[in-house]
Amino acid sequence: MEKSLPNSAKVVVIGGGVAGCSVAYHLAKFGWKDTILLERDQLTSGTTWHAAGLVGQLGATATITKLRKYSLNLYKELEIKTGLSTGLKQNGSVTVASSKARLQELLRQATAAQLFDVNVEVVDQKKIKELYPVINNEDLYGGVYIPNDGQADPVGVTNVLAKAAKMEGAQIFEKTPVKKILVKDGRIIGVETEFGKIDCEYVVLATGMWSRQIGEDIGVSIPLYPNEHFYIITEPINDLPKNLPVLRDYNNCLYLKEDAGKMLVGIFEPNAKNAFKDKGIVPDDFSFGEFPDDFDHFEPYLEKSFYRLPFLEKAGVRKFFSGPESFTPDTQYLLGETAEVKNLYTCCGFNSIGIVSSGGAGRVTAEWMINGYMTEDLYSLDIKRFQKFHSSKKFIMERVTETLGDLYGMHWPYKQHQTSRNQKLLPYHEELKNAGACFGQSGEYERPMWFALDNSKPEYEYSFNYQNWYPSVAHECKNTLENVGLYDLSPFSKYDLKGEKVYEELQRLCTANIKNEIGKCTYTHMLNEAGGIETDLTVICLDKNYYRIVSSAAV
């Protein structure tokens, strides 16, 4: 877009999808005008261009919900500011339950929505039919209706953010591939493009499905990988009601939206297909690429869509689409500064929910960079929650075949992943197994969660109600109280601090008075510069001016 590539900038944002444009806009708006965005091809290339454009506000946590709500409001504001259209329409969303357990989950979400200030209405079978007249509601137990949800045009949203970024002073360059990120002494110093070097203080990787490979080139772990994502677009359908709400049928792995008289039917299915599986490498030239049709994979879910919306069975198919979408090990974003390189930030890993996520994610990324620390609870999104092995091909390619389906799977309490297991085994793993241990993962350690009693199976029977492991835990607690319990803290992180000013610094950082006696332990919080709680941990005095910190286990 701009003619002259500068020799230097404060920030280089790499990637011209919706996330990169959002970061560039917010950095410039918040005062870092010397920001440039580099896109190897055209804006929206990669995965933004083919996104379904669903705009749902309610997320799994208060933080996610807050970011999504911000995105929705931002896109409306920027339409006015730029004079461009995002294609946003708030036609609402209906999520239906065809099992009692799913209804229970939706009711829990509806209750949580009240805390997040999201307008949610619990609806019965009859009301669902009123909101969505063409639905087959015979097997439905109920659902939830969110009137202010909707859908948007991904290209329109990106162009609005790009124009707003330029209006705030940022520069955007398309057809400008970055050949190398330049690092010296563990810190960003610039980037090398096909048209020359740019010196900079910060780099933001908003490079979507290419991020893992780009990070790998400079020794940075970015755990995401693309799967094939499927949807169809029908031919125009006569007498299709206009402005139908977005429909989500989690039990059947379906999302459906009306658009200009046609229907889009997409899926988030278990046992997803890895993209580029043969080599595990995303090609550089896949900016607007698609995969060959795999109707055998999609057909079972298409049949389910015929059951839910019977008129689809007679609709013609205008487009069968299969394209890449990147996913993370836990379906949460990858934001923040990397552990390996100072001033290298990420804004990627949106798990096919990038349109509604990127407005808020761009804002918190910009604030994080400018302040030097997070100003709200973003720990569940911080890229530093992961370790090196999480981005290995073997681990990430296997795990994301499960996490794609997790989006529409049941979100049970204490649910454990089934893929990429046995990454780290304790020395006596087999002994624990023989003793009836039911294993879960924490920091990818296989840890005993509880021990089965009376030769019962050491397996979770997931439920929102009574848990099958309650008797086991009751037995273990009683035995620990009356006899003795042995706990392995190997998965806990441990840090040794030595020096003349260690005690003074611990007193400054911690909320509790640190016991300055050899052998004494102090359980405490540790605070950040703003006085917010960073973590809780135990401080042990081992010797004069020598302390060991034992923190909680990694996620």
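Using the number of other C-beta atoms within 10 angstrom as an exposure proxy, rank T375, T95 with the fewest first. Before the final figure, lay out the partial values.
Values: T375 13, T95 28.
Arranged by neighbour count, lowest to highest, T375, T95 become T375, T95.
Count the net charge of all other residues whose Cβ sits under 13 Å from the Cβ of G186, scoring Lys and Arg as +1 and Asp and Glu as -1. Mind showing how you got there, number by number?
Numbers: positive: K184, R187, K342; negative: D185, E337, E340.
Taking every other residue near G186 into account, the sum is 0.
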| message | Below 12 Å, Cα to Cα, which aspartates and glutamates can K520 reach? Residues fewer than 8 away in the same chain don't count. | response | D543
| message | Can you pull out the chymotrypsin sites (Phe, Trp or Tyr not before Pro) in the stretch 234-310 whose DSSP state is coil and whose Cβ has at most 14 other Cβ atoms within 10 Å? | response | F288
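Among residues other than L88 whose Cβ falls under 9 Å from its Cβ, what is the net charge (Lys/Arg +1, Asp/Glu -1)? Intermediate results must be reported in sequence, preceding the final value.
Details: positive: K76, K89; negative: E79, D153.
With Lys, Arg at +1 and Asp, Glu at -1, the net is 0.
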| query | So which trypsin sites (Lys or Arg not before Pro) in the stretch 310-412 are both in a DSSP loop and have at most 11 other Cβ atoms within 10 Å of their Cβ? | reply | none
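Within a 10 angstrom radius of the beta carbon, how do Y546, Y202 rank from fewest other beta carbons to most?
On the way: Y546 15, Y202 21.
Ranking Y546, Y202 by Cβ neighbours within 10 Å, fewest first, gives Y546, Y202.
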| task | For the pairs K342/K394; K384/K457; K394/K415; K100/K433; K273/K342; K277/K433, note any where the Cα-Cα span goes beyond 24 Å. | result | K342/K394; K384/K457; K100/K433; K273/K342; K277/K433
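Which of the pairs K33/K76; K29/K180; K242/K262 have their Cα atoms more than 19 Å apart in this structure? Provide the component values of the computation, followed by the final result.
Numbers: K33/K76 23 Å; K29/K180 27 Å; K242/K262 10 Å.
As for pairs spanning more than 19 Å Cα to Cα, those are K33/K76; K29/K180.
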| Option label - Cα extents along the principal axes in Å computed here, alternatives [x] 79, 67, 45; [y] 72, 61, 48; [z] 107, 50, 48 | [x]
| query | Using the alpha-carbon centroid of each, what span in Å lies between the stretch 11-65 and the stretch 278-307? | reply | 24
| Counting other Cβ atoms within 10 Å, which GluC sites (Glu not before Pro) in the stretch 189-219 have at most 12 and lie in a DSSP loop? | E194
| said: For a quick check: sort E77, E444 by the number of other beta carbons within 10 angstrom, fewest at the front. | reply: E77, E444
| If you add up the charges near D117, with Lys and Arg at +1 and Asp and Glu at -1, over every other residue whose beta carbon is less than 11 angstrom from its beta carbon, what do you get? | +2
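Readers should treat all values here as calculations from the given coordinates under stated rules, not as data from a laboratory. Note that the coordinates shown come from a computational prediction; the quantities given were computed from them, not determined experimentally. So basically every Cβ, Gly included, is an ideal-geometry build from the backbone, and we count neighbours across all protein chains shown.
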